[in-house]
Amino acid sequence: MRIKKDTWLFTNRPVRFYCWLLLALLVVPAHAQVGDSTAIRRVELLETTEAALPASTADWRPFVLPYQKPLDRIDAGYAWFRFTLPSPDSDEMQSLYINNHLYGIKVWLNGEEVGGSDAPPGRQATGWNLPLLLRLPASAWR
Amino acid sequence: MVIRLELHRFTNVLASVFVGARDELWPLWQQRHFSQGQLSQFSFYLCAVLGFFMLGLWACRRHDTQYLWFGASSLCWSVPMLYMAVSYAPIRHDWFLVLTLIGINFYAVTAIRFLHRLLKIELPNVEGWHLSLITAVSFIELFASAKLIMPLSLLADMISLIVLLNVLRLCCSAAMCTNSSVPPAAIPGSGLAPTCSLHFR
């Protein structure tokens, strides 16, 4: 039996397969659960031109994440985000998760560097599409 | 805790931050890494291989420009896929981003030309205007400021969308035409070749 032309799109097997595949890809991230993890939204922000860790008495100002800033300069400095974490309730391995970031980041916990985006020297990290998961070592907690 | 974000040209971003047990955050990271990172990586390799393969086929069959435009569109699409898959820029990031946006612009041009060849639609004027406008917008993007780059990219997308909608309009016209006794080429301004035959199988 000849298929009517206006229903071809819905009866074609490869088309249906790709439609289901696309739907599945949309559904998969929707099931992601953060569970009991703490979402950090309220932070303190400081923008500097220095790469060194700024003093705690510097001119930090309250800020709500996400941070998004268009700039025209090639090397425009650094944005610092400071926040306090509650001590972990258990001995479970604690981690830091960031959905996306642009450009490179480095993370300090109580003054100890615990990691960041890895890019070869002289290259710019572009993690806006790649999530970042960092272990927070037990030795850094106080 | 302190997080340092490097600031460079174009948009600088730090999304929400989560702190918690590794067992809870690991599946979240895995899912995102798969749907955004690994799929983009796979698409990059697929588009690059397919693009070169099609250009190779076109080199053997020069009269079949379908291969040329499909290969070119695959290679153009591989640029944004590479941008999405890598964790650091192979060249300076601002140039990499501009190159990616230009890649998307020309993907639309080449993909629409492929569609025209596939559906045997002859619209040289539309193709010429499309290419000229996209080239002009892409040239401006090279020197655009951080605030202007995304609106320009959107403008290029809109131009291509209009041309694509025209293709869909012609397809619908031809589909209706094949149901009636009027030959497709008789539709005024359709751009369909006299030997036009749109195959719906």
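Things worth noting here:
- Ligands, DNA and RNA aside, B:His33 has an accessible area near 50 Å² when probed at 1.4 Å.
- Area projected by the alpha carbon convex hull of segment B:15-125, averaged over all directions, nm²: 9.7 nm²
- Remark on A:Gly115: its backbone amide H falls under 5 Å from those of A:Val107, a criterion applied only to residues 5 or more positions apart or on other chains, H modelled at 1.01 Å from N.
- Average accessible surface for segment A:42-140: 53 Å² per residue, computed with a 1.4 Å probe over protein heavy atoms with every protein chain in place.
- 14 Å beta-carbon shell around B:Trp29, net charge (K/R +1, D/E -1): +1
- Springs join every pair of Cα atoms under 10 Å in this Gaussian network model of chain B, and among B:Glu122, B:Glu24, B:Glu141 the largest mean-square fluctuation is at B:Glu24.
- Restricting the calculation to Cα atoms, chain B shows an Rg/Rh of 1.08 when the hydrodynamic-style radius is the Kirkwood one.
- Which of A:Asp59, B:Asp64 is most accessible, then next, and so on - probe 1.4 Å: A:Asp59, B:Asp64
- The separation of segment B:1-50 from segment A:78-133, counted between C-alpha centres, amounts to 12 Å.
- The 1.4 Å probe gives accessible areas that order B:Phe96, B:Phe106, B:Phe42, largest first, as B:Phe42, B:Phe106, B:Phe96.
- Area of A:Val43 that stays accessible when all protein chains are in place (1.4 Å probe, Å², to 10): 10 Å²
- Heavy atoms of B:Tyr88: accessible area, 1.4 Å probe, square angstrom to 10: 80 Å²
- Computed about the Cα centre, the dipole magnitude for segment B:10-101 is approximately 220 debye when only Lys and Arg (+1) and Asp and Glu (-1) carry charge, each at its Cβ.
- List of segment B:19-33 residues, accessible area with partners at least 30 Å² below that of the chain alone (1.4 Å probe): B:Val19, B:Gly20, B:Ala21, B:Arg22, B:Glu24, B:Leu25, B:Leu28, B:Trp29, B:Gln31, B:Arg32
- B/A buried area, accessible surface, summed, 1.4 Å probe, Å²: 6700 Å²
- Of all complete DSSP H helices in chain B, those with a Cα span along the helix axis of 24 Å or greater and a mean Kyte-Doolittle hydropathy of 0.0 or more are B:39-60, B:65-85, B:93-118, B:124-142, B:146-179.
The values are calculated or read from the model by the stated rules, or taken from the named source; none is laboratory data. Predicted, not measured: the structure shown is a model, and the values here were computed from it. FYI the Cβ positions are ideal-geometry reconstructions off the backbone, even for glycines, and counts take in every protein chain you see. The area values use the complete protein model at the heavy-atom level, side chains included, leaving out ligands, DNA and RNA. Shrake-Rupley method; radii C 1.70, N 1.55, O 1.52, S 1.80 Å.
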